[in-house]
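Right, one structure below, let's go through it.
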Amino acid sequence: MFIQNKYIINPHFMYMAGQYDRNAKLCTLVTELDRTFIVDKSPLEILNDSIRCIGFDLRGAMETARWLLGNKNMCPIMVNPVHRICVFPDKSSKHNDTKWFNPVHITRTISSNQQAKVEFTNGLTITVPMKLYSFNHKLQTAEQFMKMTIGIEKEPFSFEKDPRKGA
């Protein structure tokens, strides 16, 4: 399989997951619409590099997601608002085998043996070891977050000070 030294998430990105190479180094298996390959970086490094390309960082993106969605665990992350690329994890980002999904390319989810089967726009289907309800909830949160952040871009909001709270 082809190994790349670096990778920036683009609109063709469908999902990625951590995978160890033969030297026990954490790399990333990336699946795009028309190819699958390994990147010699961890998933979090890929996310951080991709977000840095637009002038931000992973930590700031995670804090913004928590701020907008409430203090939720495993929030989706806006990678590139210009290209409308948002990703969400199937479990905590602290796990090295976490899968990160792009909701734009998910066309259908179904239950199979108490696991979620995810179908993508190119016809690929994978099984995610979690209940369908849990996966769909994460997917829905990611879609909601995309609408919120893209909505802010089109119609920015501002805060007003509550006069009852003083100074």
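No lab work stands behind these numbers, since they all come straight from the coordinates. Here the structure is a predicted model, which means the values were calculated and not measured. No Cβ is skipped: glycine too gets one built from the backbone with ideal geometry, and neighbour counts run over all protein chains shown.
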What are the ³J(HN,Hα) values, in whole Hz, obtained from phi via the Karplus relation 6.51 cos²θ - 1.76 cosθ + 1.60 with θ = phi - 60°, for each residue of the stretch 21-36 in sequence order, with x given for Gly and Pro? 8, 5, 9, 6, 9, 6, 10, 9, 8, 9, 10, 10, 4, 10, 7, 10
Determine the relative contact order of the chain: mean sequence separation of Cα pairs under 8 Å and six or more apart, normalised by residue count, in whole percent. 17
Checked against the positive end of the charge dipole of the stretch 3-155 (+1 on Cβ of Lys and Arg, -1 on Cβ of Asp and Glu, about the Cα centre), the farthest of I85, Y7, N113 is N113
Once amide H atoms are built 1.01 Å from N in the peptide plane, which residues 5 or more positions from M14, or in another chain, come under 5 Å H to H? T31, E32, L33
Counting other Cβ atoms within 10 Å of each Cβ, which chymotrypsin sites (Phe, Trp or Tyr not before Pro) in the stretch 1-92 have at most 13 and sit in a DSSP loop? F2
Point-charge dipole on Cβ atoms (K/R +1, D/E -1) for the chain, about Cα centre, debye to 20: 400
Angle, helix 132-154 long axis vs. longest principal axis of the chain, Cα atoms, 0 to 90°, nearest 10? 50
Run the helix sum for the chain: -39,500 (n - 2.57) per DSSP H stretch of 4+ residues, divided by residue count, reported at 222 nm to the nearest 500 deg cm²/dmol. -9000 deg cm²/dmol
Out of the stretch 1-89, which trypsin sites (Lys or Arg not before Pro) are coil in DSSP terms and have no more than 14 other C-beta atoms within 10 Å? K6, R22, K25, R35, K72
